């Protein structure tokens, strides 16, 4: 029986993780009295007792508890605080060869951001292959469900008296300073942040990240079939990543298609001049809670997909 402590289990990501863990017969989830959830001493006691602790806290709170935790305590941080920090391993097993071993041998793992996950898994194989230059100026957009905004956004969208403007998609992060940009650059091997436009829609969960490429600006000549082939070879055998042939028969990519799933579908489409790279997944699945559980399974030496819906 493995002991796991979720610090901050009252938030959207933490609640989803706790739901999974409660159904897992191999997991003993250590709990804290709600009245004690801000008691640092008690939290540190549970972190010391647990085989793995998952931090589902705001950035500052994650930083504070991580600094106080014993060095040998195994932490998975779902906040954005440590995603590009020295001493922390980026918790994306599919990132590059050897990444699983780094995760498995580390005591400090930073869970990827939801938008960043699709972007990196689409782009990193192409920078590694020399198709996209490290100095490329990329553009991307992502359509996501409102659960990605946490409890306050969920409450706003599910309020019966909400304003009618919420019936339509809303673009945000207009200042081009989204908190996922640093990890999108670093983990994709890019020197420049992409021009990124996230869009939230009136649905609970799911997302589509789209990266737009002009073939004339690629570092090496490649068409959609060749790029799809690179992605297929990179993710061959990966339990959660599927590279699809073509696009759905109806010609539409739906943001909520994988809502509730921990998997990710990758698509490559377009023509000889312009190519679209698309990643479909759940912002609470491979984009958050599902990724944390995948990392947890690796750390515990279990089947990587244990307890996950693919």
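The values are calculated or read from the model by the stated rules, or taken from the named source; none is laboratory data. Small disclaimer: the values here were computed from a predicted structure and weren't measured. All Cβ positions, glycine included, derive from the backbone under ideal geometry; neighbour counts span all protein chains shown.
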Exercise for the section: Please enumerate the residues belonging to the stretch 83-101 that are without any contact (Cβ under 8 Å) to a residue 40 or more places away in the chain and crowded, with 24+ Cβ neighbours inside 10 Å. Expected result: none
Exercise for the section: Taking residue 256 as meeting all but one of (1) within 25 Å of the chain's Cα centre (by Cα); (2) over 26 Å from residue 284 (Cβ atoms), write down the number of the exception. Expected result: (2)
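Each row is one residue, and each column tells you yes or no for (1) touching a helix residue (DSSP H, G or I) at 6+ places or on another chain (Cβ under 8 Å); (2) more than 28 Å from residue 300 (Cα to Cα); (3) in the same structural domain as residue 255 (by TED's automatic domain parsing).
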{"residue": "95", "(1), (2), (3)": "yes, no, no"}
{"residue": "100", "(1), (2), (3)": "yes, no, no"}
{"residue": "134", "(1), (2), (3)": "yes, yes, yes"}
{"residue": "140", "(1), (2), (3)": "yes, yes, yes"}
{"residue": "152", "(1), (2), (3)": "no, yes, yes"}
{"residue": "170", "(1), (2), (3)": "no, yes, yes"}
{"residue": "175", "(1), (2), (3)": "no, yes, yes"}
{"residue": "184", "(1), (2), (3)": "yes, no, yes"}
Completion exercise
Among 266, 293, the single one that is surrounded by 17 or more Cβ atoms within 10 Å (Cβ to Cβ) and assigned by TED's automatic domain parsing to the domain that holds residue 94 is 293
Problem - Residue match in the stretch 226-240 (condition: without any contact (Cβ under 8 Å) to a residue 24 or more places away in the chain, assigned by TED's automatic domain parsing to the domain that holds residue 150, at negative phi and in a loop (DSSP other than H, G, I, E, B)) - result: yes
Exercise for the section: Please tell me if residue 79 is in contact (Cβ under 8 Å) with a residue 24 or more places away in the chain and part of a loop (DSSP other than H, G, I, E, B). Expected result: yes
Completion exercise
Scanning the stretch 187-204 residue by residue, those assigned to a strand (DSSP E or B) and farther than 22 Å from residue 155 by Cα turn out to be 195, 196, 197
Problem - In the stretch 9-33, the residues that are assigned to a helix (DSSP H, G or I), under 23 Å from residue 107 (Cα atoms) and touching a strand residue (DSSP E or B) at 6+ places or on another chain (Cβ under 8 Å) - result: 14, 17, 18, 21
Handout entry: Subset of the stretch 34-64 [part of a loop (DSSP other than H, G, I, E, B) and touching a helix residue (DSSP H, G or I) at 6+ places or on another chain (Cβ under 8 Å)]
Key = 37, 51, 56, 57
Problem - Hey, residue 257 closer than 21 Å to residue 304 by Cβ and modelled with pLDDT of 95 or more or not - result: no
Practice task
Take the stretch 172-186 and flag every residue that is within 20 Å of residue 145 (Cβ to Cβ) and part of a loop (DSSP other than H, G, I, E, B).
Solution key: 172, 173, 174, 178, 179, 180
Practice task
Being over 30 Å from residue 186 (Cα atoms), out of contact with any strand residue (DSSP E or B) (no Cβ under 6 Å at 6 or more places or on another chain) and surrounded by fewer than 17 Cβ atoms within 10 Å (Cβ to Cβ) narrows it down to one of 45, 64, so name that one.
Solution key: 45
Problem - In the stretch 269-290, residue farthest from residue 215 (Cα to Cα) [restricted to those that are touching a residue at least 60 places away in the same chain (Cβ under 8 Å) and surrounded by fewer than 24 Cβ atoms within 10 Å (Cβ to Cβ)] - result: 278
Exercise for the section: Only residues in the stretch 102-129 that are assigned by TED's automatic domain parsing to the domain that holds residue 58 and in a helix (DSSP H, G or I) count as the first member; pair them with residues that are surrounded by fewer than 24 Cβ atoms within 10 Å (Cβ to Cβ) and at pLDDT below 95, Cβ under 6 angstrom, at least 6 apart or cross-chain, and list the lot. Expected result: none
